[in-house]
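Novice: One structure, pasted below without further comment.
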Amino acid sequence: MHKIRRIKYYLYRFFWVGVDFLYPPFCGGCAKKGVRWCQDCQKSIRAIPEPKCDICGLPQLKNGICLSCEKNPPFYKVLQSWVVFEGPIRKALHQMKYRQDLGLGDSLAAEMVQYANELNWHIDMVVPVPLGKKRFRERGYNQVGLFARPLALAKEWRYATNALKRARETISQVGLSADERENNVRSAFVADHKKVAGKKILVIDDVSTTGATLNSCAKALINGGASEVYALSLARALPHHGLKTV
Ligand SMILES: [Zn+2]
Ligand SMILES: [Zn+2]
């Protein structure tokens, strides 16, 4: 099975060499010609500032578990994010959300592989945060898949788009307070018991802020019988935490 995934990965890489040849790319962060994600944009990215909570991954004043996670432990074991949601990464994610930039997703996934290796999580299956039917119809694709699928391929993780679904439509989380975010996504997802039972699942989103969406997904997966849930977002929008994060 692993051999097949390796071959799939090489075919995928070969496909992109061909696409770059036919359609010369430009950078998703700064529009520079010649690459899909340039070295300058890559250098500008910033890891989540330490110290941060061991569970929800938000910056705080000391190591350990934050008060919020202590009071209401999330359903996921741990939530980590590759970079802070700002600058060129913000532009790149916008580009993936509103223009189906497959090549950019692939380039960002390639940059994320090392980070995913360092996390050293043992995962049986990867699921993207699903879009609602209505949003999927409007957009035609799930932007999370643009980088989550090639990341899963590179890591030889199984990628499943049908193990987790939206149970109902939700409004955008942008501009909502932490409580409003939690209410908005409460019971918004449902997992397929047959697919997730007994498995260690990694749920991936493009941007997370409080982690409410990923936690709601984790809850559905645990209720569906998953043994453990890990959560990863490409970028983290840092809320004001009484901390200067700039
Ligand atoms: Zn660039
Ligand atoms: Zn926490």
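Novice: Name the residues in the stretch 181-205 that are open to solvent by less than 10 Å² (accessible area, probe 1.4 Å) and touching a helix residue (DSSP H, G or I) at 6+ places or on another chain (Cβ under 6 Å), would you?
Specialist: Step one: list which residues in the stretch 181-205 are open to solvent by less than 10 Å² (accessible area, probe 1.4 Å), which gives 185, 188, 196, 201-204.
Of everything in the stretch 181-205, those that are open to solvent by less than 10 Å² (accessible area, probe 1.4 Å) and touching a helix residue (DSSP H, G or I) at 6+ places or on another chain (Cβ under 6 Å) turn out to be VAL185, ALA188, VAL196, ILE201, VAL203, ILE204.
Novice: Of all residues in the stretch 207-221, which are under 13 Å from ARG166 (Cα atoms) and of a type in the set (Val, Ile, Thr)?
Specialist: Across the stretch 207-221, the qualifying residue is only THR213.
Novice: In the stretch 225-243, which residue that is part of a loop (DSSP other than H, G, I, E, B) and in contact with a Leu (Cβ under 8 Å, 6 or more places away or on another chain) is nearest to TYR141 (Cα to Cα)?
Specialist: Checked the stretch 225-243; the qualifying residue nearest to TYR141 (Cα to Cα) is LEU238.
Novice: Moving on to the next point. Determine whether VAL35 is within 27 Å of GLU156 (Cβ to Cβ), in contact (Cβ under 8 Å) with a residue 12 or more places away in the chain, β-branched (Val, Ile, Thr) and near ligand 1 (Cβ under 9 Å from one of its atoms).
Specialist: Taking the combined requirement at face value, the residue satisfies it.
Yes or no, residue by residue, for (1) acidic (Asp, Glu); (2) closer than 21 Å to ALA178 by Cα; (3) in contact with a Lys or Arg (Cβ under 9 Å, 6 or more places away or on another chain):
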site	(1), (2), (3)
ASP54	yes, yes, no
ASN63	no, no, yes
PHE75	no, yes, yes
TYR98	no, no, yes
ASP101	yes, no, yes
GLN114	no, no, no
ASN117	no, no, yes
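Novice: Which is without any contact (Cβ under 8 Å) to a residue 60 or more places away in the chain and either open to solvent by less than 70 Å² (accessible area, probe 1.4 Å) or farther than 27 Å from PRO51 by Cβ (or both), of SER208, SER177?
Specialist: SER177
Novice: Within the stretch 150-198, can you find the residues that are in contact with a Gly (Cβ under 6 Å, 6 or more places away or on another chain) and at pLDDT 85 or above?
Specialist: ARG166, ALA191, HIS193, VAL196, ALA197
Novice: List pairs: first in the stretch 1-21 and free of Cβ contacts under 8 Å to residues at least 60 places away in the same chain and surrounded by 14 or more Cβ atoms within 10 Å (Cβ to Cβ), second of a type in the set (Ser, Thr, Tyr) and outside any helix (DSSP H, G or I), Cβ under 9 Å, 6+ apart or cross-chain?
Specialist: none
Novice: Now for a different question. Of all helices (runs of 4 or more DSSP H) completely enclosed by the stretch 62-168, which ones contain at least 1 residues that are under 25 Å from ILE4 (Cβ atoms) and open to solvent by 70 Å² or more (accessible area, probe 1.4 Å)?
Specialist: Working: elements: 67-71, 87-98, 102-119, 133-139, 143-155.
Passing ranges, in order: 102-119, 143-155.
Novice: How many of the residues making up the stretch 169-210 are assigned to a loop (DSSP other than H, G, I, E, B) and under 30 Å from LYS3 (Cβ atoms)?
Specialist: Here the count works out to 4.
Novice: Tell me, which residue of the stretch 22-32 that is open to solvent by less than 40 Å² (accessible area, probe 1.4 Å) and either β-branched (Val, Ile, Thr) or touching a strand residue (DSSP E or B) at 6+ places or on another chain (Cβ under 9 Å) (or both) is farthest from ligand 1 (Cβ to nearest atom)?
Specialist: It comes out as PRO25.
Novice: Do we find that GLY18 is more than 16 Å from ligand 2 (Cβ to nearest atom), small (Gly, Ala, Ser) and in a helix (DSSP H, G or I) in this structure?
Specialist: So GLY18 passes the test.
The values are calculated or read from the model by the stated rules, or taken from the named source; none is laboratory data. Nothing here was measured: the structure is a model prediction, and the numbers come from that model. Neighbour counts run over all protein chains shown; Cβ positions are idealised from the backbone, glycine included. For the accessible areas, the whole protein counts, side chains as well, though only heavy atoms, and no ligand, DNA or RNA atoms are used. Shrake-Rupley method; radii C 1.70, N 1.55, O 1.52, S 1.80 Å.
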